[in-house]
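Dropping the structure in here first, questions after.
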Number of protein chains: 2
Amino acid sequence: MTESSLAIYALGGMNEIGKNMYVIECEEDIFIIDCGAKFANNNLLGVDLIVPDITYLQQHQDRIRALIVTHGHEDHIGGIPYVLQRLNVPIYASHFTLGLIELKLKEHKLLRDTQLIEIDENSSLQFTTSTISFFQINHSIPDCLGIVFHTAQGKIVHTGDFKFDFTPVNDSASDIHKMAAIGEQGILALISESTNAERPGMTPSEQLVGDNLKDAFTKATNKIFITTFASNVNRIQQIVEATIETNRRLVLLGRSMVNVVSVAIERGYLRIPHRLLVDVREAQHLAPEQVVVLCTGSQGEPLAALARLASGRQRDLQVHPDDTVIFATSPIPGNEKNVSKVIDDLFYLGANVIYGSAGMHVSGHGYQEDLKLMLTLMKPKYLIPIHGEYRMLYKHRELAKSVGVEGNNVFILKNGEVVDFIHSAAQQTRTVQAGETYVDRVGTGEVENIVLRDRQQLAEDGMLVIVLTINQENGQPLASPDTISRGFVYAKNAEGLLLEINDLVLSSVQPFKDANTRGMQHAIKKAVGQYIFTATRKKPMILPIIIAV
Amino acid sequence: MTESSLAIYALGGMNEIGKNMYVIECEEDIFIIDCGAKFANNNLLGVDLIVPDITYLQQHQDRIRALIVTHGHEDHIGGIPYVLQRLNVPIYASHFTLGLIELKLKEHKLLRDTQLIEIDENSSLQFTTSTISFFQINHSIPDCLGIVFHTAQGKIVHTGDFKFDFTPVNDSASDIHKMAAIGEQGILALISESTNAERPGMTPSEQLVGDNLKDAFTKATNKIFITTFASNVNRIQQIVEATIETNRRLVLLGRSMVNVVSVAIERGYLRIPHRLLVDVREAQHLAPEQVVVLCTGSQGEPLAALARLASGRQRDLQVHPDDTVIFATSPIPGNEKNVSKVIDDLFYLGANVIYGSAGMHVSGHGYQEDLKLMLTLMKPKYLIPIHGEYRMLYKHRELAKSVGVEGNNVFILKNGEVVDFIHSAAQQTRTVQAGETYVDRVGTGEVENIVLRDRQQLAEDGMLVIVLTINQENGQPLASPDTISRGFVYAKNAEGLLLEINDLVLSSVQPFKDANTRGMQHAIKKAVGQYIFTATRKKPMILPIIIAV
C-alpha cells in the first residue's frame, strides 16, 4: 500500500438490484456503505435471503472503522443481522434509519451488543485519514443521506438512492444548495445509483399520488383496502390524510406495517391523530364507509395480509363486493405473477380493484433527468455507477457522457472489482473476493452450494434409496433388496420399474466375492442410474445402502 | 339427457392463460375445441407441462366426434400428443395449423395413428345433430379459424384467438363481412377470447412492426440478431423483407425456428427468395453488415439460441460490439426475469439492444375495441368469455354490457362449470370433472400429486436417511445408527447435530422389546423430526430404515 492510497469497490449492488454494499478504503481505514440483502428466487431452493460474501472484510476486520447506512430499505439494511454476527462494527445512520435497524436487531437478539451512532445531514465524522459529511436526499423512505468523503486525493460522493422531488411530502427535498456547494469545484469521484437510468424524463412527485388517492377515497362507497410498502412513510402520511378527509378510521394490518408505522410515529416522521387508528375488532362495528385498511402484501407475497384477505384466510375481516382495493405500488420485476394472482382473487370477491397505471405509485429512484441533474451538480472527474443491472449501469454511462463526463472515466464494475486512485488518477486492475452468501431462513445460517445442488436434484427428479443386506464374509446378498422411492415415481404405479431395479441391483453385486460395500455402492449407482435414465429420462438421486451382517 | 340438449363448458382456459380446451355437447355428440398445454412454473418441481384433466372425456369417449383446432399456438395444440395417447379422436384444422400439429405428432411418434382432416374457412362439416362452419380470423399466426355451430337451439360461435387488423400482412384479415352475415339475425351464444380485455383502444396493426423493423435494419452497421416467436410467420415475412431491402442474408437459428419456417415455406405461408437463407458456416464468411440472424429465445429461455448467444455458448457465431439485437416480442408475464438476464448479457457483449417499448411488437389479441366490435357483429344473446384470468373475463363482461348484452346473460365460468341450454335459455347448475394433469418432461407421463409433495419437501429442506440394524429376536440395536443427509445440512459442518440425532434414534427405540420395525420407524421419525425443527426450524424428509438380522 502506497502513501495516501484510496480505493473504491462494491461487495454487492453491481449487476443486480439488491444486497448493496460499497466499500471505501482510505489508507488504513475501511468504511462500509450499506449492508443489504436480496430475496432469493425460486431457483435457489429453500434459500430465503442472499447477502454479500464478506470474507475480504473479515480478513481486514481491524481496519474497519464504520458501517454507514444511507437509508432503511431492505436492500440496504437487510444483511446487517447476518454481517454483525461475523463483524463487530459500529453502525452510523439517521434517526429513522436507526429505528428500522433497531427493529431488525431486536428480532435477531443482537441489539445489546451493537454500537449504534445517530447522524444527520449536519454531522461531520473525523477519522485519521478523512472526514465524512452528509447531505439530505429524497427517496421513497424518510431520512435518507448522501455521503461525502473528504480525502487527501479529493472528495468522493456516494448518492445513496435518490430522486429530485421539488414538491415532496413532509419537507424531505433533496438539498440542492448543499449539493451545489459540494460540487462547485468538482469532485474526484461520484458513486451514483442507476436503477431508473433506462427511463427518460424526470421522476414524478410523490404529491401526484396524494391527489389520486384523495379522488379514489372520495369515490369509494364501502370499505377501502390499500396496500403499499410499510417503509414508504410519506405515502402512508398521504393515506392518513385521505382517510381523515373522507371521515374514515384506519386499521393497520400485517406485522411489518404495524412495526414500521410505530417506529415512524415514535420518531416523528408520521402524524396520525389520536383515535384515527382502530384495531380489527373495533372496525367490525363500524359501517363499511367508515373503514380504511392499510395492509402489507403489495408484492403479492402469499403469507402477507392482502393475500390472506384475497383468499378469505383473514378470519376477522373480509373483502366484500363493492369494497375498493388500491395497490399503491408497482410489482417489482419477478413478482408480477404473485401480484396478478392476488388481483384476480380480489376481483373474484367482487371488489373494485385499482391497480396498474392508475397513478397510485411513483418511483423513488431518479429517472434520466434526475441522474443528469446529479451529475451536473457534482461535476465529477470519475463516475462509478452503482445499484443496477448491467444495462442500467451502461445507460448511466451514456447519460454521464451527455453531460460532459469523459467516457473512459466511467468505471462499470463487477462486485469485487477495485478502482484504485493514485495522485487523483483512477485505474481498475485488481479484485477482492466477492460473491453471494445464501441464508436459509433468516438467522439460522448459511446454505452450502453442495446442499443446494442436492436439493436441485431432489426437486427435479426425486430419489431412490436402495437397501441391500449382504453376508460380511462372502458379500452374497442375504435378501432381496428394498427400494424406497420419494419424489421420483409413485411406488404403487411403478411396480414393474421397481422390480426391474431390484434385479439390476442383484446382478451388479454378483461379481463381488467379498463385502466390498464401496465397490457395490458404485456398481449399483451406475447400473441403476443408466437404466432409469434410459427408461424415463430422469436422474433421481440414488442412495445405495449396503449392510454387511 | 332431454331432447335437443346443448351444453358448453371449458376443461382449460378459464381463469388462466394456457391449456385451452372447450367442449360443446349437442345431444349425443361431443365436440372438443383446441387442446392446449401450459408451461409449469417453478413451484411445480420437475413438471414441464400442464395439460387439461380429460377424465370426463375418457368416460364419454364414444360420443366424441371431433377435435377442432382454431390455430397452431402451443396453448391450443400443446396438449394434443398427451391427449391422443388417451383419446383417439379425429383432428380438424386448417392447412398451416395441421402442419404444426404434424410436426408435434412426428416428434412423439403418433403421426401414423392419427386421423387428420384439413379444413378451411369455406368448409362445412355435417354431423347428426349439427352443422359446423368457419370464418377467417386474424391473429399472430397464419390460418386462424373462428367456428360456428349450427344447432337446433341456435348458433354458437367460438372466436378462437383474434384481433381485427385492417392492414394485415399476407391478406389474413378477419372476414368482417362473413362475420356480419353470421351475426345478422343474432346468435344464441358467443364464446369469445378475453386476453386483452383490460387494454383500452384497438390493437395496433402488424404493419407498424414492419415499418419499425425497416428503420432499425437501415440504421444497423454490423450483424443484426432478431428474435420473435417462430409461429409468428407474418412478422417473419416482414423480417425477410427488411433483410432483402438492406442487402443482407438470413441465418435461422434454433430448432423450432428452423422447423416452423420449413412448414411455413412448404405450405405457402412464407415467401423467402432462393439464396437469401444461408447456414451458420456460410455466414462466417460474410461481412458483418451482410448478416441477419433470426433466432429463438425471445422469452429468455435459458436453453434457446439467443440465451446461448448472449452467454457466449454458441460456438460458431458470436455477438460482437456494435452488433444490433432486436427483441420483436414482449415478455410473457412470468418471463421478465429471464428476458432481463439475456438483455443484460447482450449489453455486456457491447451490443446495441433494442427492447421494451420500441414498437417491435404488437399483440395478436384484440383490445377492448376489438372485443366490442366482435360483440357488435355477432349480437349474441349469451356471452361466455374465455381465454383469460378472472379479471379479464370480468372486464369482458363489462364491455359486453356496454354494447347491449344483458349482464345476467354473461357467464363467467370456472373450468368444468357447464352452461346448459334448454329452449334457447341458458343456466349454470352442474359441473364436470376438470383440473390439471402434470406432465413430466414431454411425453414420459403424468406426475402424481404425492410425488410433487415429496419433491417440494425435498427441495425446501432436503432429507435424512437413518439406517439402524437391530436384532430380530429382541429388537436391540446391533450397531450405532448411520445417518445420511442430502440437501439438509452439509455433513462435515454439522457433526454435532448428527451425533445428537444418533443418540435420539437409540433412545427412541430403547423401549421396544421386539423387532417392531414399524413402531420404531414411527418413534424415530417423531423424535428426530421434533428435535430438528426445534434446532433448525427445518422439516427435512426423514426416512428411517430398520434392518432386523
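Of all the residues that make up the stretch A:309-348, how many are in contact with a helix residue (DSSP H, G or I) (Cβ under 7 Å, 6 or more places away or on another chain) and either part of a helix (DSSP H, G or I) or at pLDDT below 95 (or both)?
Final tally of qualifying residues: 16.
While we're looking at this one, here's another question. Does A:Tyr390 fit the bill of being buried (at least 19 other Cβ atoms within 10 Å of the Cβ), at pLDDT 95 or above, over 24 Å from A:His60 (Cα atoms) and within 14 Å of another protein chain (Cβ to nearest Cβ)?
Yes, satisfied.
Count, please, the residues in the stretch B:22-41 that happen to be crowded, with 20+ Cβ neighbours inside 10 Å and within 30 Å of A:Glu460 (Cα to Cα).
The number of residues fulfilling the criteria is 5.
Count, please, the residues in the stretch A:500-549 that happen to be among the acidic types (Asp, Glu) and closer than 26 Å to B:Leu458 by Cα.
Number of matching residues: 1.
Exactly one of these conditions fails for B:Gln427: (1) in a strand (DSSP E or B); (2) surrounded by 15 or more Cβ atoms within 10 Å (Cβ to Cβ); (3) away from chain A (no Cβ under 14 Å); (4) out of contact with any Ser or Thr (no Cβ under 9 Å at 6 or more places or on another chain). Give me its number.
Result: B:Gln427 passes all but (2).
Now a separate question. Out of all the residues in the stretch B:181-232, which are part of a helix (DSSP H, G or I), among the polar types (S, T, N, Q) and either closer than 18 Å to B:Lys379 by Cβ or in contact (Cβ under 8 Å) with a residue 40 or more places away in the chain (or both)?
B:Gln207, B:Asn212
For the stretch B:59-88, which positions are among the β-branched types (Val, Ile, Thr) and not in a loop (DSSP other than H, G, I, E, B)?
B:Ile64, B:Ile68, B:Ile77, B:Ile80, B:Val83
From the set of residues in the stretch B:304-343 that are within 17 Å of the chain's Cα centre (by Cα) and of a type in the set (A, V, I, L, M), which is farthest from the other protein chains (Cβ to nearest Cβ)?
Result: B:Ala304.
Of all the strands (runs of 3 or more DSSP E) wholly in the stretch A:96-173, which have at least 2 residues that are touching a residue at least 12 places away in the same chain (Cβ under 8 Å) and not aromatic (Phe, Trp, Tyr)?
So the answer is A:116-118, A:131-137, A:144-151, A:154-158.
Which residue, of A:Thr534, A:Thr517, A:Thr469, is polar (S, T, N, Q) and more than 22 Å from B:Ala479 (Cβ to Cβ)? Please lay out each step first, then the result.
Numbers: A:Thr517 fails: more than 22 Å from B:Ala479 (Cβ to Cβ); A:Thr469 fails: more than 22 Å from B:Ala479 (Cβ to Cβ).
One residue alone meets the criteria, A:Thr534.
Kindly indicate whether B:Phe512 is surrounded by 13 or more Cβ atoms within 10 Å (Cβ to Cβ), under 23 Å from A:Val439 (Cα atoms) and touching a Gly at 6+ places or on another chain (Cβ under 9 Å).
Answer is no for this residue.
Looking for something surrounded by 19 or more Cβ atoms within 10 Å (Cβ to Cβ), farther than 21 Å from B:Arg275 by Cα and either among the hydroxyl-bearing types (Ser, Thr, Tyr) or at pLDDT 95 or above (or both) - is there at least one such residue anywhere in the stretch B:231-243?
For the stretch B:231-243, residues surrounded by 19 or more Cβ atoms within 10 Å (Cβ to Cβ), farther than 21 Å from B:Arg275 by Cα and either among the hydroxyl-bearing types (Ser, Thr, Tyr) or at pLDDT 95 or above (or both): present.
Collect the residues in the stretch B:396-412 that are assigned to a helix (DSSP H, G or I), out of contact with any helix residue (DSSP H, G or I) (no Cβ under 8 Å at 6 or more places or on another chain) and either closer than 22 Å to A:Leu349 by Cβ or touching a residue at least 60 places away in the same chain (Cβ under 8 Å) (or both), keeping them in residue-number order.
Let us first name the residues in the stretch B:396-412 that are assigned to a helix (DSSP H, G or I), namely B:396-402, B:407-409.
Adding the requirement that they be out of contact with any helix residue (DSSP H, G or I) (no Cβ under 8 Å at 6 or more places or on another chain) leaves B:398, B:408-409.
Result: B:Glu398, B:Asn408.
For (1) aromatic (Phe, Trp, Tyr); (2) within 13 Å of chain A (Cβ to nearest Cβ); (3) not in a strand (DSSP E or B), each residue gets a yes or a no:
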{"site": "B:Gly350", "(1), (2), (3)": "no, yes, yes"}
{"site": "B:Leu375", "(1), (2), (3)": "no, no, yes"}
{"site": "B:Asn415", "(1), (2), (3)": "no, no, yes"}
{"site": "B:Phe421", "(1), (2), (3)": "yes, no, no"}
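Tell me which of these B:Ser205 doesn't satisfy, since it passes every other one: (1) under 20 Å from B:Ala358 (Cα atoms); (2) touching a Ser or Thr at 6+ places or on another chain (Cβ under 9 Å); (3) modelled with pLDDT of 95 or more.
Only one criterion in (1) under 20 Å from B:Ala358 (Cα atoms); (2) touching a Ser or Thr at 6+ places or on another chain (Cβ under 9 Å); (3) modelled with pLDDT of 95 or more is unmet by B:Ser205, namely (3).
Run down A:Tyr92, A:Tyr56 and say which single residue is part of a strand (DSSP E or B), out of contact with any Pro (no Cβ under 9 Å at 6 or more places or on another chain) and farther than 30 Å from A:Leu458 by Cα.
When all the criteria are applied, what remains is A:Tyr92.
Does the stretch A:153-184 hold any residues that are at pLDDT 95 or above and within 12 Å of A:Asp143 (Cα to Cα), and which are they?
A:Gly160, A:Asp161, A:Phe162, listed by residue number.
In addition: Of everything in the stretch B:244-270 that's among the charged types (D, E, K, R) and under 18 Å from B:Phe217 (Cβ atoms), which residue is surrounded by the fewest Cβ atoms within 10 Å (Cβ to Cβ)?
Looking at residues that are among the charged types (D, E, K, R) and under 18 Å from B:Phe217 (Cβ atoms), I get B:Glu245.
Something else: Can you find, within the stretch B:455-509, the residue that is nearest to the chain's Cα centre (by Cα) among those that are more than 21 Å from A:Ile484 (Cβ to Cβ) and hydroxyl-bearing (Ser, Thr, Tyr)?
Across the stretch B:455-509, the extreme among qualifying residues is B:Tyr490.
Could you list, in sequence order, all residues of the stretch B:5-50 that are closer than 23 Å to B:Arg453 by Cα, in a loop (DSSP other than H, G, I, E, B) and either among the small types (Gly, Ala, Ser) or more than 14 Å from chain A (Cβ to nearest Cβ) (or both)?
If the condition is that a residue be closer than 23 Å to B:Arg453 by Cα, in a loop (DSSP other than H, G, I, E, B) and either among the small types (Gly, Ala, Ser) or more than 14 Å from chain A (Cβ to nearest Cβ) (or both), then B:Lys19, B:Ala37, B:Ala40, B:Gly46 are the ones that fit.
Now for a different question. Give me the residue from the stretch B:147-169 that is touching a Lys or Arg at 6+ places or on another chain (Cβ under 9 Å) and not aliphatic (A, V, I, L, M) and, out of that set, farthest from B:Asn122 (Cα to Cα). Quick ask: steps written out before the conclusion?
Step one: filter the stretch B:147-169 for residues touching a Lys or Arg at 6+ places or on another chain (Cβ under 9 Å), giving B:148-149, B:154, B:169.
Narrowing the set further to residues that are not aliphatic (A, V, I, L, M) leaves B:149, B:154.
Numbers: B:Phe149: 14, B:Gly154: 20 Å.
Looking at residues that are touching a Lys or Arg at 6+ places or on another chain (Cβ under 9 Å) and not aliphatic (A, V, I, L, M), I get B:Gly154.
Exactly one of (1) modelled with pLDDT of 95 or more; (2) of a type outside the set (Lys, Arg); (3) touching a strand residue (DSSP E or B) at 6+ places or on another chain (Cβ under 9 Å) is unmet by B:Met360. Its number?
Of everything listed in (1) modelled with pLDDT of 95 or more; (2) of a type outside the set (Lys, Arg); (3) touching a strand residue (DSSP E or B) at 6+ places or on another chain (Cβ under 9 Å), B:Met360 misses just condition (1).
The values are calculated or read from the model by the stated rules, or taken from the named source; none is laboratory data. Predicted model, so just to flag it, every value in this text is computed and none were measured. Don't worry about glycine lacking a Cβ; one is built from the backbone with ideal geometry, like all the others, and counts go over all protein chains shown.
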